[in-house]
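Worksheet: one structure, shown below.
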There are 2 protein chains.
Amino acid sequence: MNPRHIARCAQIAMILEVSATPKPGNVDRDHDFPDVTYGHFLVSAIGVGPVFERAAMSNDKVGSLIKEAVEESTKWNGGRNTHFGTFLLVMPLIMAAGRGDVCAVNEIMQKTTAEDAIEFYKAFKCVDVCLGSVDDLSVDDATSTNEIGRRGLTLYDIMQISAERDGIAQEWVRDFSRTFAGARMLAEKVKEMSTNDAIVYTYLTLLAEQPDALVQKKFGSSVAKEVSRKASTVLKEQSIDAVRRFDDELIRKRINPGTTADIIAASLFVHLLEEHDEIA
Amino acid sequence: MNPRHIARCAQIAMILEVSATPKPGNVDRDHDFPDVTYGHFLVSAIGVGPVFERAAMSNDKVGSLIKEAVEESTKWNGGRNTHFGTFLLVMPLIMAAGRGDVCAVNEIMQKTTAEDAIEFYKAFKCVDVCLGSVDDLSVDDATSTNEIGRRGLTLYDIMQISAERDGIAQEWVRDFSRTFAGARMLAEKVKEMSTNDAIVYTYLTLLAEQPDALVQKKFGSSVAKEVSRKASTVLKEQSIDAVRRFDDELIRKRINPGTTADIIAASLFVHLLEEHDEIA
């Protein structure tokens, strides 16, 4: 598949994800956060195009490609963290798509190196990411990268260590199972509703199925579980007003299920790769 | 300037233009038309990236570059006309920027050929454009392209013939004066308001200054003048509620000042070329 086509599918996935509304708790076309706006997400998605194109032609160096995407994104959006989690998910998927089969993403992850891990750690320094430390390796600690080299940890190893409490890392070590499930859900839903609504309801379904990892880190496990329980209730009501009320509540409490939004962006990318006609 | 940087500035200009709200009468992040949605504009802006990059490296063939942009845009948005007028404006500007000076756009236009005119006519066939015929040359008539060749008319000649009733053609033959004025206005306004509001008020100012050519073609001269008079009144009120009421009225009457929106997109491009930090 053409690298430019793959890159544009990934960019459109990011644009459609952030535009879909109401997407409870997150930035969307009608909701800015005080420090990060809808516009910052849009310019980031446009800005990273050339890095995505290079990724679609690359067999390795996923760590430095993630770092380059973060650098490019922050160059255009004034240093905000808009897509860190999304880049972690879509970058190996873009590389797998470039090799001819997005489903073979596991091959990309398995062959990561310690250099990938070190480059990934450097990417943290560009933005304020809520991920915390990996075991005794702190992202704030300059000696961490030396420690990674010394212990020969690959980026995949880092993801394995983090998988228990990080929803993105979990995707890496579980073959992107939620990402692909989201893609299948989107493909079904767009047959009976608008793309916007298909994104909103797929997002709610993923959120109902599993507590959001970012919410868990910021607010603790019981709040994350309660958010998922409410997502489940809202889904049963099948009313856009109920979705809006849920959105208002999360926005008021500043609870943003950002990991679920990242996974939806990756699901959209997989979905768009297969059918890009009439996607808006 | 780097062709990739130039292309992304043009894409971001298109994305910011369509996202700005309320932009009276036009598609924005809160308003879809029945047949063309906000999403169709977004995917078109992402889709044309590679054509813009080629344009930023090209010294000639503006006609076929416009045709390629229309083809690429419609491939991604299901055949809608989202950006025909915008492409006519930004393409020579992108080429001039690629040569080092966006203000020297006149050089690009002056050296267009009959082949450019023929390619431009072919672009019409991709989408439903409200432009009408140029003198005795009809865009619906297959013999028009032969006639252009026979008479040796360049694309610039076509624009000169059309300038009296077409606002885009007028920009071509008047050195993009409204586009550059809009860029200067944006640069001033972003110092004191959000980018969104700067776009909205620059749009209203351009609309107040000159009746919109698309409105004139669709609804006649007196309606176009009345819309401009109202834009002027709304500007004096300096109230976002007044802008919203004006938007509601135009949307209800399906009056869309599309030429003014196209010029704003081109103004944003010129503005972004110079300062792309903190643009969202």
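Quick test of your reading of the structure: residue B:58 fulfils all but one of (1) part of a helix (DSSP H, G or I); (2) away from chain A (no Cβ under 13 Å); (3) not acidic (Asp, Glu). Name the failing condition by number.
If we test residue B:58 against (1) part of a helix (DSSP H, G or I); (2) away from chain A (no Cβ under 13 Å); (3) not acidic (Asp, Glu), just (1) comes out false.
When segment B:1-24 is examined, which residues are found to be small (Gly, Ala, Ser) and part of a loop (DSSP other than H, G, I, E, B)? Quick ask: steps written out before the conclusion?
Filtering segment B:1-24 for residues small (Gly, Ala, Ser) gives B:7, B:10, B:13, B:19-20.
Once the filter is applied, which keeps residues that are small (Gly, Ala, Ser) and part of a loop (DSSP other than H, G, I, E, B), segment B:1-24 yields only B:20.
Just one of (1) surrounded by fewer than 19 Cβ atoms within 10 Å (Cβ to Cβ); (2) in contact (Cβ under 8 Å) with a residue 12 or more places away in the chain; (3) hydroxyl-bearing (Ser, Thr, Tyr) trips up residue A:239, so point out which.
It fails just one condition, (2).
Before we move on, is residue A:228 exposed (fewer than 15 other Cβ atoms within 10 Å of the Cβ) and out of contact with any strand residue (DSSP E or B) (no Cβ under 7 Å at 6 or more places or on another chain)? Talk me through it step by step, then tell me what you get.
On the way: exposed (fewer than 15 other Cβ atoms within 10 Å of the Cβ): no; out of contact with any strand residue (DSSP E or B) (no Cβ under 7 Å at 6 or more places or on another chain): yes.
Spelling it out, it is not the case that residue A:228 is exposed (fewer than 15 other Cβ atoms within 10 Å of the Cβ) and out of contact with any strand residue (DSSP E or B) (no Cβ under 7 Å at 6 or more places or on another chain).
Within segment B:70-83, work out how many residues are within 27 Å of residue B:146 (Cα to Cα), in contact with a Phe, Trp or Tyr (Cβ under 8 Å, 6 or more places away or on another chain) and either without any contact (Cβ under 8 Å) to a residue 24 or more places away in the chain or of a type outside the set (Gly, Ala, Ser) (or both).
Result for segment B:70-83: 2.
Being within 26 Å of residue A:253 (Cα to Cα), part of a helix (DSSP H, G or I) and within 15 Å of the chain's Cα centre (by Cα): is that true of residue A:39 here? Break it down into steps so the answer makes sense when it comes.
On the way: within 26 Å of residue A:253 (Cα to Cα): yes; part of a helix (DSSP H, G or I): yes; within 15 Å of the chain's Cα centre (by Cα): no.
Considered against the rule, which asks whether it is within 26 Å of residue A:253 (Cα to Cα), part of a helix (DSSP H, G or I) and within 15 Å of the chain's Cα centre (by Cα), residue A:39 comes out as no.
To keep it simple, each residue is scored yes or no on (1) facing chain A (nearest Cβ under 10 Å); (2) small (Gly, Ala, Ser); (3) crowded, with 24+ Cβ neighbours inside 10 Å.
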residue: B:4; (1), (2), (3): yes, no, no
residue: B:21; (1), (2), (3): yes, no, no
residue: B:43; (1), (2), (3): yes, no, yes
residue: B:54; (1), (2), (3): no, no, no
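Looking at segment B:168-280, what helices (runs of 4 or more DSSP H) fall wholly within it and have at least 3 residues that are within 14 Å of chain A (Cβ to nearest Cβ)? Break it down into steps so the answer makes sense when it comes.
On the way: elements: B:177-189, B:195-209, B:213-219, B:221-237, B:240-253, B:258-274.
The qualifying helices (runs of 4 or more DSSP H) are B:195-209, B:258-274.
Can you give me the number of residues within segment A:42-55 that are farther than 21 Å from residue A:107 by Cβ and assigned to a helix (DSSP H, G or I)? Outline the logic, then answer.
As a first pass, look at segment A:42-55 and keep what is farther than 21 Å from residue A:107 by Cβ: A:42-50.
Filter once more, so that each one left must be assigned to a helix (DSSP H, G or I): A:42-47, A:49-50.
Going through segment A:42-55 one residue at a time, the tally reaches 8.
Just to verify a result, which residue in segment A:61-88, among those that are assigned to a helix (DSSP H, G or I) and polar (S, T, N, Q), is surrounded by the fewest Cβ atoms within 10 Å (Cβ to Cβ)?
Within segment A:61-88, the subset assigned to a helix (DSSP H, G or I) is A:62-77, A:84-88.
Filter once more, so that each one left must be polar (S, T, N, Q): A:64, A:73-74, A:77, A:86.
Details: A:64: 18, A:73: 29, A:74: 21, A:77: 27, A:86: 29.
Among those residues, the one meeting the criterion is A:64.
Any read-out appearing in this document is the output of simple, stated calculations on the displayed coordinates, not a laboratory observation. All values derive from a computational prediction rather than experimental measurement. Ideal geometry is used to build each Cβ from the backbone, glycine not excepted, and the neighbour counts take in all protein chains shown.
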